[in-house]
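The values are calculated or read from the model by the stated rules, or taken from the named source; none is laboratory data. These figures come from a predicted structure and were not determined experimentally. When we count neighbours, we look across all protein chains shown, and the Cβ atoms used for this are built from the backbone with ideal geometry, even at glycine. The protein model used for the area step is the full one, side chains on, heavy atoms only, and it has no ligands, DNA or RNA in it. Shrake-Rupley method; radii C 1.70, N 1.55, O 1.52, S 1.80 Å.
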Amino acid sequence: MEDKGRESDHLMLITPERVFYAGLLGRPRKRTPGCCHVYVAVKGNLHLTIDDVLSTGELLVTLPNQRHSIASDYRTVISVTLEPESMPDGVIEALAARLTGPDRAGYARKILAAYALLRRRRYGDITTAEFDEMCFGEALPRRVLDPRVMRAVARIERFSGEPVTADTCAAEAGLSASRFLHLFKEETGISFRSFRAWKRARHLLHFANQDLNLAHLAQDIGYPDSTHFSHSIRRFYGLKPRAIFVGSRDLAIYRSTETVRMAEAS
């Protein structure tokens, strides 16, 4: 489903477990997103810095919660993101090794072809398996979560404006708060608080091309105040919220059917 009719080469396809973004990168400040990033150059090269070590190439990968900065020779860059809780432990690391191995150029061409396809079709009705096939040539393994954790994840991703606490989720799961927090991290590989913070920041992407009051948006998606909102977004994306919105004015946003259904259920 398309957010609004725009004629632009800049686009973003959002699904619950993946994002395909082709657009402006912003200034190369340090960022620490909660997802895996596969960066692909549209033209020229990319320049990735992790722990003061610079890597240059047409395809570069960062792991979840890995602090880095990224710059591009060309103003538009492609970024494919994968949510770590959607895959079993070790899958992202194995994928990163394949993407940056001897077949790196082939994977870069595959993702560039996916970009060309999305520019032509401009659609969002896609499953995670189809998304992975389009970008990587294979459907990646899926993680099966404990139903109690799945309910907590669904609650967090509902974004109703009401705060989602560990106590609330624990009570719904019939567990003590400490046991629930242990189970959540055991199942997802991520602490409850970190997961909630990242998903809140990720939800911002749905509104990036809209002309909104940012203070109201922050409140609507669960931030206690504008200061916390700005600090969190800068930590995850390396940009202030307003800079993201200014750089996304010509961005066409598409949502998978599943994403739209989740939003309508909130």
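What the table shows:
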{"quantity": "Members of the range 104-120 found to be open to solvent by less than 30 Å² (accessible area, probe 1.4 Å) and modelled with pLDDT of 95 or more, listed by number", "calculated": "ALA108, ILE111, ALA114, TYR115"}
{"quantity": "Check on LEU54, buried (at least 16 other Cβ atoms within 10 Å of the Cβ), without any contact (Cβ under 8 Å) to a residue 60 or more places away in the chain and not in a loop (DSSP other than H, G, I, E, B)", "calculated": "no"}
{"quantity": "From the options ILE156, ILE190, residue that is in contact with a Pro (Cβ under 8 Å, 6 or more places away or on another chain), surrounded by 14 or more Cβ atoms within 10 Å (Cβ to Cβ) and in the same structural domain as TYR237 (by the TED database)", "calculated": "ILE190"}
{"quantity": "Residues satisfying the stated conditions in the range 5-27, i.e. under 25 Å from LEU118 (Cβ atoms) and outside any strand (DSSP E or B)", "calculated": "GLY5, ARG6, GLU7, SER8, ASP9, HIS10, THR15, PRO16, GLU17, LEU25, GLY26"}
{"quantity": "Positions within the range 221-239 being in contact with a Lys or Arg (Cβ under 8 Å, 6 or more places away or on another chain) and either closer than 21 Å to THR62 by Cβ or in a helix (DSSP H, G or I) (or both), in sequence order", "calculated": "SER230, SER232, ILE233, ARG234, ARG235, PHE236, TYR237, GLY238, LEU239"}
{"quantity": "Where a residue in the range 221-240 is free of Cβ contacts under 8 Å to residues at least 24 places away in the same chain and open to solvent by 40 Å² or more (accessible area, probe 1.4 Å) and its partner, wherever it lies, is in a helix (DSSP H, G or I) and not acidic (Asp, Glu), with Cβ under 8 Å and at least six apart", "calculated": "ASP225/ALA218; SER226/LEU214; SER226/ALA215; SER226/ALA218; HIS228/ALA218; LYS240/SER230; LYS240/ILE233; LYS240/ARG234"}
{"quantity": "ILE92 vs. criteria under 19 Å from PHE236 (Cβ atoms), within 20 Å of the chain's Cα centre (by Cα), modelled with pLDDT of 95 or more and part of a strand (DSSP E or B)", "calculated": "no"}
{"quantity": "Residues that are closer than 21 Å to SER256 by Cα and in contact (Cβ under 8 Å) with a residue 12 or more places away in the chain, drawn from the range 104-123", "calculated": "LYS110, ILE111, LEU112, ALA114, TYR115, LEU117, LEU118, ARG119, ARG122, TYR123"}
